[in-house]
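Structure first, commentary second.
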Amino acid sequence: MNTPTPSYLQDVIAETSGDIASDPCDADAYFRRGNALSNLGRYDEARADMERVVQLKPDRAMAHNNLAVACLCLGDFDTASRSATRALELDPDYRDAYHNRALARSEVGDLDGALADFDRAISIDREYWPAYRHRSVVHHLLGNSEESYRDFLEARKLQQA
């Protein structure tokens, strides 16, 4: 997958900002701009845009998940967990939402909850190496050395594939 360049992302922000100026209820423009802002590391602004999307289109699971990502990056783990949970209520097989909720849970010390979410993300997509990598860390924190090492190796193998 190609990573968008900063200049492309700036172009997206400029274009969607114009769209939003023309129509302040354009949820798709807020969504695109929020993603571009997030990719540039501008998480406060990304969060605001994703909050606007979920206000305009509360049934959009991906917007709730992307709000969770922005909140994770800002260290607001409770909101990240709630947002990912809402995404899962809308789409119970949303792999990335399980992964993001697991990250939030692990940050607040709910390691068993994190482990369950990583397990679910992996059951949805057996080749999703980030879930193996992060589950490895949680296993390590729980003192499960063998499981931690096994997940680390699996993540490395899948990442290199």
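Below, the figures for the structure above:
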{"item": "Within region 8-84, helices (runs of 4 or more DSSP H) holding 3 or more residues that are touching a Ser or Thr at 6+ places or on another chain (Cβ under 6 Å) and within 23 Å of residue 99 (Cα to Cα)", "result": "61-74"}
{"item": "Flag if residue 89 is of a type in the set (Asp, Glu), out of contact with any helix residue (DSSP H, G or I) (no Cβ under 8 Å at 6 or more places or on another chain) and at pLDDT 95 or above", "result": "yes"}
{"item": "Close pairs from region 73-100: first under 14 Å from residue 134 (Cβ atoms), partner part of a loop (DSSP other than H, G, I, E, B) and open to solvent by less than 50 Å² (accessible area, probe 1.4 Å), Cβ under 9 Å, at least 6 apart", "result": "84/94; 95/125; 95/128; 96/128; 99/128"}
{"item": "Within region 51-72, considering residues that are of a type outside the set (A, V, I, L, M, F, W, C) and open to solvent by 70 Å² or more (accessible area, probe 1.4 Å), the one farthest from residue 26 (Cα to Cα)", "result": "59"}
{"item": "Failed item, numbered, when residue 148 is tested on (1) assigned to a helix (DSSP H, G or I); (2) exposed (fewer than 14 other Cβ atoms within 10 Å of the Cβ)", "result": "(2)"}
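The values are calculated or read from the model by the stated rules, or taken from the named source; none is laboratory data. Worth saying up front: this structure is predicted, and the values here are computed from it rather than measured. No Cβ is skipped: glycine too gets one built from the backbone with ideal geometry, and neighbour counts run over all protein chains shown. For the accessible areas, the whole protein counts, side chains as well, though only heavy atoms, and no ligand, DNA or RNA atoms are used. Shrake-Rupley method; radii C 1.70, N 1.55, O 1.52, S 1.80 Å.
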